[in-house]
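The values are calculated or read from the model by the stated rules, or taken from the named source; none is laboratory data. Owing to the predicted nature of the structure, the values given are computational and were not obtained by experimental measurement. Heads up, the Cβs are rebuilt from the backbone with ideal geometry, glycines too, and the neighbour counts pull from every protein chain shown.
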Amino acid sequence: MTELTAPVWKTLHSAGNDADVFLRRLLEGDGDFRENIDILTEDISHQLSFYTATAYVLPHLAALCPVLSSADEIYLIAKTGPAIAAEADRPLSPDTEAGREFQEGLNGLRHEVRFLLTVPDTAALLKADPELCQEFALSALSILGDRAHAYGMYLLSAYCWEVGHAACACGWNDEELPLSEHPDCLEPVSIGPWDGKSLSEEAVWLHGLLSLAGDKQLRPVLPYLYGTGACPDCGRREPYWTWLARFMNEY
């Protein structure tokens, strides 16, 4: 963890280039906690971009979590997800200082999220706030699961997960694949019930978390996001995630 007095903070970038200012306010309890969280997390995830300040902010947030109430910890984690997921678009080398900072923060947050998933209060808090539940579930995916999947879901959230993007190596592509209409070119995966504990199957525990608040936006299309596509032109079969990644890289 890099102290806020370190010179490196003057070289780091965020949307407002003041992530250290709002991080300091948050850590010192200066002002409204959630307002500071909102400003700080927007500063490091604006337009789902990855900023250099993110890696250095995360260890401080992870260290703060254990002293928070469950409600505030869930809120902090829920709001931090987009910044973490954005790293999938600009992966950090683990051999750099930034890479080590990012992993330190991620490891600390993993511990906290795993703990929260075992606490009965968490389910009650998420059930009471469907919007927060959705944010927390996606953030948990960013922290515990495949960040590229989380990044893709955040991108598709602009369309309320009703429309997806897809591209095959043969050249076929679709910028407005109607996910909510269950397109014929996508074969959904079967997602079983979650036991509330196991994190071995990403689609299962993510679906289970969303189910806590009766999510009706993302949950219905998850089987298609984790499903397999068959190209309408050449017939090649690939995971939908491969289609989405190719589209984002090529178009």
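Go through the stretch 170-197 residue by residue and tally those that are assigned to a loop (DSSP other than H, G, I, E, B), over 30 Å from Val119 (Cβ atoms) and of a type in the set (Asp, Glu). Write out each step before concluding.
Start the filter on the stretch 170-197 by keeping residues that are assigned to a loop (DSSP other than H, G, I, E, B), which leaves 170-172, 178, 182-185, 188-197.
After this cut, where a residue has to be over 30 Å from Val119 (Cβ atoms) as well, the list is 170-172, 178, 182-185, 188.
Then drop every residue that is not of a type in the set (Asp, Glu), which leaves 184.
Total satisfying the criteria: 1.
What residue, among those in the stretch 183-204 that are under 18 Å from Gly152 (Cα atoms) and touching a residue at least 40 places away in the same chain (Cβ under 8 Å), is surrounded by the most Cβ atoms within 10 Å (Cβ to Cβ)?
Step by step, filter the stretch 183-204, then rank; the result is Leu186.
Tell me yes or no: at least one residue of the stretch 133-153 is assigned to a loop (DSSP other than H, G, I, E, B), at pLDDT 95 or above and under 18 Å from the mean Cα position of the chain (by Cα).
Here is the first cut: in the stretch 133-153, the ones assigned to a loop (DSSP other than H, G, I, E, B) are 145-146.
If we keep only those that are at pLDDT 95 or above too, we end up with 145-146.
Going one step further and asking which of them are under 18 Å from the mean Cα position of the chain (by Cα), we end up with 145-146.
Within the stretch 133-153 (the criterion being assigned to a loop (DSSP other than H, G, I, E, B), at pLDDT 95 or above and under 18 Å from the mean Cα position of the chain (by Cα)), the answer is yes, since at least one residue qualifies.
Give me a count of the residues in the stretch 30-69 that are in contact with a helix residue (DSSP H, G or I) (Cβ under 8 Å, 6 or more places away or on another chain), assigned to a helix (DSSP H, G or I) and free of Cβ contacts under 8 Å to residues at least 40 places away in the same chain. Give the steps one after another, and end with the answer.
Keep residues of the stretch 30-69 that are in contact with a helix residue (DSSP H, G or I) (Cβ under 8 Å, 6 or more places away or on another chain), which gives 30-31, 33-34, 36-41, 43-45, 48-66, 68.
Next, from what is left, pick out any that are assigned to a helix (DSSP H, G or I): 33-34, 36-41, 43, 48, 52-66.
Restricting the remaining residues to those that are free of Cβ contacts under 8 Å to residues at least 40 places away in the same chain gives 33, 36, 39-40, 43, 64.
Total meeting the criteria: 6.
What number of residues within the stretch 97-127 satisfy the criterion of being free of Cβ contacts under 8 Å to residues at least 60 places away in the same chain and over 21 Å from Ala63 (Cβ atoms)?
Result for the stretch 97-127: 4.
Quick one: would you say Ala55 is in contact with a Gly (Cβ under 6 Å, 6 or more places away or on another chain) and either in the same structural domain as Arg147 (by TED's automatic domain parsing) or under 24 Å from Gly152 (Cβ atoms) (or both)? First the steps, then the outcome.
Numbers: in contact with a Gly (Cβ under 6 Å, 6 or more places away or on another chain): no; either in the same structural domain as Arg147 (by TED's automatic domain parsing) or under 24 Å from Gly152 (Cβ atoms) (or both): yes.
Against the criterion (in contact with a Gly (Cβ under 6 Å, 6 or more places away or on another chain) and either in the same structural domain as Arg147 (by TED's automatic domain parsing) or under 24 Å from Gly152 (Cβ atoms) (or both)), Ala55 does not qualify.
Give the residues of the stretch 1-29 that are buried (at least 18 other Cβ atoms within 10 Å of the Cβ) and assigned to a loop (DSSP other than H, G, I, E, B), sorted by residue number.
Thr2, Leu12, Ser14
With Ile44, Ile37 as the choices, which residue is in contact with a Lys or Arg (Cβ under 9 Å, 6 or more places away or on another chain) and closer than 21 Å to Ala86 by Cβ? Give the steps one after another, and end with the answer.
Values: Ile44 fails: in contact with a Lys or Arg (Cβ under 9 Å, 6 or more places away or on another chain).
Going through Ile44, Ile37 in turn, just one is in contact with a Lys or Arg (Cβ under 9 Å, 6 or more places away or on another chain) and closer than 21 Å to Ala86 by Cβ: Ile37.
With respect to the numbered conditions (1) part of a helix (DSSP H, G or I); (2) of a type in the set (Gly, Ala, Ser); (3) modelled with pLDDT of 95 or more, which one is the sole condition not fulfilled by Ala158?
With respect to (1) part of a helix (DSSP H, G or I); (2) of a type in the set (Gly, Ala, Ser); (3) modelled with pLDDT of 95 or more, Ala158 is out only on (3).
Cβ-Cβ under 9 Å, sequence separation 6+ or interchain: first residue in the stretch 210-221 and under 15 Å from Ala128 (Cβ atoms), partner among the acidic types (Asp, Glu). Which pairs?
Ala213/Asp129; Ala213/Glu131
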